[in-house]
1. Express the relative contact order of the chain as a whole percentage, based on alpha carbon pairs under 8 Å and six or more residues apart in sequence.
2. Could you check the simple spin-label distance between Ser55 and Asp173, using points 7 Å along Cα→Cβ, in nm with one decimal?
3. What residues of the stretch 286-304 lie in the reach of a label at Lys104, counting those whose backbone N is under 16 Å from a point 7 Å from the Cα along Cα→Cβ?
4. What whole-number value in Å² describes the accessible area per residue of the chain for a 1.4 Å probe?
5. If DNA, RNA and ligands are ignored and the probe is 1.4 Å, what is the ranking of Phe109, Phe191 by accessible area, most exposed first?
6. Give me the distance in nm between label points sitting 7 Å out from Cα along the Cα-to-Cβ direction at Glu282 and Ser303, one decimal.
7. Does the stretch 117-221 classify as rounded, prolate or oblate by the C-alpha gyration tensor (a ≥ b ≥ c root eigenvalues; a/c under 1.5 gives rounded; else a/b over b/c gives prolate, otherwise oblate)?
8. So, taking all protein chains as they sit and a 1.4 Å probe, how much accessible area belongs to Glu147, in Å² rounded to tens?
Amino acid sequence: MAYPIGRAGAPWNEEERNAWLDQSRIQRSYQVDVIDRLYQLSPRYDLHRYGALSSDPLCYPLYALTSPEYQPEMPSVLVTGGVHGYETSGILGAIEFLETNCEKYLGAFNFVVVPCVSPWGYETINRWNSQAIDPNRSFKGQGLCEESSALIAFLDNLQRDFIMHVDLHETTDTDESEFRPALAARDGKEFEPCQIPDGFYLVGDSASPRPGFQRSIIERVAAITHIAPNDGDGKLLGVPAEQEGVINYDVGPLGLCAGFTSAPYKTTTEVYPDSHTAHPEECIRAQVAALEGALDYIRVTLSR
């Protein structure tokens, strides 16, 4: 598949990156869909403005919410969404969890929830940021783009040890039709087609796979939406499945958001919104169910 920007075998230059940026258009409102709802939650949680995107600081402030009172004797958990801004249910799922389900866990955990790491990507429905950088390959060192570096700095300032980090994502058909071809063109490589998994799956950490933790999430989500079956070779996205609906990556060295803390329990959710049987509210509820399955597993594990 030839991408319309770039030359075969040559990475993008500045002119080509600008051509890619010029085709991006605002398609929805970060203010209305995200910020307004976060301010509505501010009487129940502490709202933190931890930075803003340099491209437009007024339009793209960065926000996190935390439990109203930090309890050092309780374990802390981190929830992130919108690292890829176009993955809608991760963002709205994090917000819906705060609105509807989080309070029943406040006596057991301290929460840090960052619903939309990449607000420009949310408004323009993009996987990358405005510099054509993938934030979910940028959580290395102090961060390789401002979205990741701002989040890393915020959490460093909080000085908390997390027991769990769940990063909420989607896998969409446009990954294959738009974003992976763009990636190949940007890097001057040949595009190699891949099969999109048909359903929900998880990406765990090969350095700390925690199969029981992953299974608890899969079982909870299966009541909401279907789990992606393995292909004929027992793989998802070309990676051997560790169990139903679970593959493992070396998330830290890859710079994935789920890998930049030392949390022993970590995973990346992957909802499939393009299934003919799925609808937006179902995808949001699947993200909330994933968080509940994760938290219930840890709560039971810690009580033993």
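The values are calculated or read from the model by the stated rules, or taken from the named source; none is laboratory data. Keep in mind that this is a model prediction, so the values were computed, not measured. Note that we place each Cβ from the backbone using ideal geometry, even for glycine, and neighbour counts take in every protein chain shown. Calculation scope for accessible area: heavy atoms of the full protein, side chains included, ligands and nucleic acids excluded. Shrake-Rupley method; radii C 1.70, N 1.55, O 1.52, S 1.80 Å.
1. RCO, the chain: 21 percent.
2. Between Ser55 and Asp173, the label points sit 2.6 nm apart.
3. Counting backbone N atoms under 16 Å from the label point, the list is 286-300.
4. Working: 12910 Å² over 304 residues.
Result: 42 Å² of accessible area for each residue.
5. Values: Phe109 0, Phe191 25 Å².
From most accessible down to least: Phe191, Phe109.
6. Inter-label distance under the simple model: 3.2 nm.
7. Details: a/c = 1.96, a/b = 1.13, b/c = 1.73.
Oblate is the answer for the stretch 117-221, as a/c is 1.5 or above yet b/c matches or exceeds a/b.
8. Estimated to the nearest 10 Å², Glu147 gives 0 Å².
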